[in-house]
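The structure appears right after this line, and notes come after that.
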């Protein structure tokens, strides 16, 4: 299965000043990159999870003919190391249904922060779905804990 990188939608991309693009906005995550020709912005647009790297390269070459595959691979690797990408192909291998993806959309958005090429957001949700939890005591804390765990997607709770 060939990798299909996707730029995490939790990180906004916008032009900070003419020729400078900002990726992300959180302190410690945001990166300002020079982008005089618009190549960074175009790359981020193409990294939507629907294209393989070869397809991204072909489309980038239409606008930037001098771009080599090695340069593209280095750019994608750098974006991945900065925490901006995960692999859409990996996410599609999970067993979450469309209804579960919709129900746990908030969780999946949170898990995007921790996703990478090896683990998509849906992998984290599957781990919650498969988790087995034992709660000792059903007082005020145990009751609210059970309610919250069920809301997160934990299906197996023992009281």
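Bear in mind that the values in this text are calculations on the coordinates, not laboratory data. Because the structure is predicted, anything quoted here is derived from the model rather than measured. Every residue, glycine among them, receives a Cβ derived from its backbone with ideal geometry; neighbour counts consider all protein chains shown.
Below, the figures for the structure above:
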{"item": "Kirkwood Rh (inverse of mean 1/r, distinct Cα pairs), the range 11-72, angstrom", "result": "12.4"}
{"item": "Inter-label distance, nm, simple model (7 Å from Cα along the C-beta direction), residue 80/residue 92", "result": "1.8"}
{"item": "For the chain, the fraction of alpha-carbon pairs in successive 10 Å shells from zero, as %", "result": "10, 32, 28, 17, 9, 4, 0"}
{"item": "222 nm mean residue ellipticity, helices alone, for the chain (DSSP H n ≥ 4; -39,500 (n - 2.57); rounded to 500)", "result": "-13000 deg cm²/dmol"}
{"item": "Most mobile of 52, 134, 17 in a GNM of the chain (Cα contacts under 10 Å)", "result": "134"}
{"item": "Angle in degrees between helix 69-81 and the longest Cα principal axis of the chain, rounded to the nearest 10", "result": "30"}
{"item": "Among 38, 83, 137: highest mean-square fluctuation, GNM of the chain, C-alpha pairs under 10 Å", "result": "137"}
{"item": "Gyration tensor over alpha-carbon atoms, the range 49-95, equivalent ellipsoid semi-axes in Å", "result": "22, 14, 7"}
{"item": "Calculated log₁₀ intensity ratio I(q)/I(0) where the Debye formula runs over C-alpha points of the range 89-148, q = 0.18 Å⁻¹", "result": "-0.70"}
{"item": "Estimated inter-spin distance, residue 64 and residue 1, nm [label 7 Å along Cα→Cβ]", "result": "2.8"}
{"item": "Förster radius 30 Å - calculated FRET efficiency between residue 41 and residue 102 (Cβ-Cβ, nearest 0.05)", "result": "0.50"}
{"item": "Computed E for residue 150/residue 130 - FRET, C-beta separation, R0 22 angstrom, nearest 0.05", "result": "0.90"}
